[in-house]
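The block underneath contains the structure these notes are about, expressed in structure tokens.
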Amino acid sequence: MELLDYVEWRGDLDFDSSPLNPVDALIFCQLSYLNFDGILQKDFSSSVTLNQCASMFVADNFETRRDLGLLINPKTVDLLFACASSVRFGKLLLSGYVNKYSLTHEEQFSALTFFYESKNKKSSFAFVSFRGTDDTIIGWKEDFNLAFKENIPAQKDALSYLTESSASFKKAAVYCGGHSKGGNLAIYAGAFLNKKYQPNLKTIYNFDGPGFLKETLEKDEFKSALKKTESFFPQGSTVGMIFEHDKKKYSVVKSDGVLMMQHDAFTWKTAPQNFELMEELEKSSLFFNETFNQWFVQLPEHRREEFVETLFGVLESTQAETNSQLAENWIKNGGKIIKAFAKLDKEIRSSALDTASQFIRLARHKIPELF
């Protein structure tokens, strides 16, 4: 089964009958990629059911809303409608929708909260879903900024958001999570959440999210947060293998995707109350994790920053703001990228080439270990 099959198979059971499980959590996280501007409000006192939300999604500018860009699976829209018509998800209340995008602050951040009110009040819960990296180029740059910044704007906003949501749902159990960068944001927010809200925070879900610098993970706040964290990586994970994770606590999900396409949650195989799990990551995934981290993280901080600024500065020369725009006219944009790189200061250009060459040399050296 995949996500849509799961909703069809499990959709007739509410959360009182069958408690929240990791597949439900991934569904919440995947739905956060949708554009709910003008449908959902920023505050937590105003909410609509998922069923109502789906109706408004169709009625208001549907052709634009359904375009999720090059990197987000269009099945996400189908997932919205399948969930909306189910017993399990249809009556969930959605609120607190935030969607921020800033070139100036190099930030892409979005979040919303799902609320389930139990019949007996004991099983009521709020699920805070953080959007992962979307189609925007600045969103991807923000990911790479993790390599040399103690924190990024989206992490700070995630903490503020989780705090506000926790304060609004004091009588309910609170869960948070995200796919891709959203998983990283969830762990960060859970780590620094105010102590008075920590008892209500039950589980942090990380779905193939990039990790943190090793020194960051060694902080006491992260050690506590990781005890509540359930991380899931597809068998051939690449995005989730960037930077460091708790190597002792994660689950490997069976995926029928090819290479990086395994990052797509719709390639993950589901079971009745969990995913189809495998014993370990593929060797290629472990190879990428070790090689990337040995190369990039061990570079001096100023070299990491210089490389990221150079790489994305060249991409920005195309004036494309999304990967979709970049791909629309790849020949023309490719020419702009080459020209922009050629115009760089000779020293910076040489440094960027040398940094990239170091990765190639290191990977080539480690290939025998892979086989």
Q | Dipole magnitude (debye, nearest 20) for the chain, charges at Cβ of Lys, Arg, Asp, Glu | A | 700
Q: Count the net charge of all other residues whose Cβ sits under 15 Å from the Cβ of Asn61, scoring Lys and Arg as +1 and Asp and Glu as -1.
A: -2
Q.
What is the sum of charges, Lys and Arg at +1 and Asp and Glu at -1, for the other residues whose Cβ falls under 15 Å from the Cβ of Pro272?
A. -2
Q) So between Ile338 and Lys248, what do we pick up on full extension, going 0.36 nm a residue minus the alpha carbon distance? A) 28.1 nm
Q.
Suppose all protein chains stay in the model; what accessible area per residue would a 1.4 Å probe give for the chain, in Å²?
A. 47
Q: Name the long-range amide H neighbours of Ser251: under 5 Å, sequence gap of 5 or more, or other chain; modelled H, no Pro or chain starts.
A: Ser231, Phe232, Phe233
(Q) Which order do the peptides 24-32, 207-215, 143-151 come out in when sorted by mean C-beta neighbours inside 10 angstrom, highest first? (A) 24-32, 207-215, 143-151
Q | Backbone N under 18 Å from the Glu347 label point (7 Å along Cα→Cβ), restricted to the range 282-324 | A | 300-311
Q.
Please compute the volume of the convex hull spanned by the alpha-carbon atoms of the range 188-230 and report it per residue in Å³.
A. 66
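Based on the Cβ-Cβ distance from Gln41 to Lys170, what FRET efficiency comes out when R0 is 30 Å, to the nearest 0.05?
Efficiency computed from Cβ-Cβ geometry: 0.90.
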(Q) Using alpha carbons only, how many angstrom separate the centre of the range 282-302 from the centre of the range 162-185? (A) 30
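Averaged over every viewing direction, what's the projected area of the C-alpha convex hull for the range 21-123? Give it in nm², one decimal, please.
Dividing the Cα hull surface by four gives the mean projection, 7.7 nm².
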Q: Would you mind classifying the range 269-334 by shape? Square roots of the alpha carbon gyration tensor eigenvalues, ordered a ≥ b ≥ c; an a/c under 1.5 is rounded, otherwise it is prolate if a/b is larger than b/c and oblate if not.
A: oblate
(Q) Once neighbouring chains are kept in place and the probe is 1.4 Å, which whole percent of the accessible area of the chain is contributed by carbon and sulfur? (A) 53
Q: Principal axes first, then extents: for the Cα atoms of the chain, list largest minus smallest coordinate on each axis, whole Å, largest first.
A: 67, 44, 39
Q.
Report the gain in length on full extension from Ser17 to Ala356: 0.36 nm times residue separation, minus Cα-Cα distance, nm rounded to one decimal.
A. 116.7 nm
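Let's test the formula: R0 of 25 Å, r as the Cβ-Cβ distance of Gln52 and Glu8. What FRET efficiency results, to the nearest 0.05?
0.75
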Q: Grab the Cα-Cα distance for Glu218 and Val258, subtract it from 0.36 nm times how many residues apart they are, and report the gain in nm with one decimal.
A: 11.1 nm
Q) Considering only protein heavy atoms, what is the solvent-accessible area of Tyr250 at a probe of 1.4 Å, reported in Å² to the nearest 10? A) 90
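The values are calculated or read from the model by the stated rules, or taken from the named source; none is laboratory data. Remember, it's a predicted structure, so these values are computed and weren't measured experimentally. Cβ atoms come from the backbone with ideal geometry, glycine included; neighbour counts cover every protein chain shown. The protein model used for the area step is the full one, side chains on, heavy atoms only, and it has no ligands, DNA or RNA in it. Shrake-Rupley method; radii C 1.70, N 1.55, O 1.52, S 1.80 Å.
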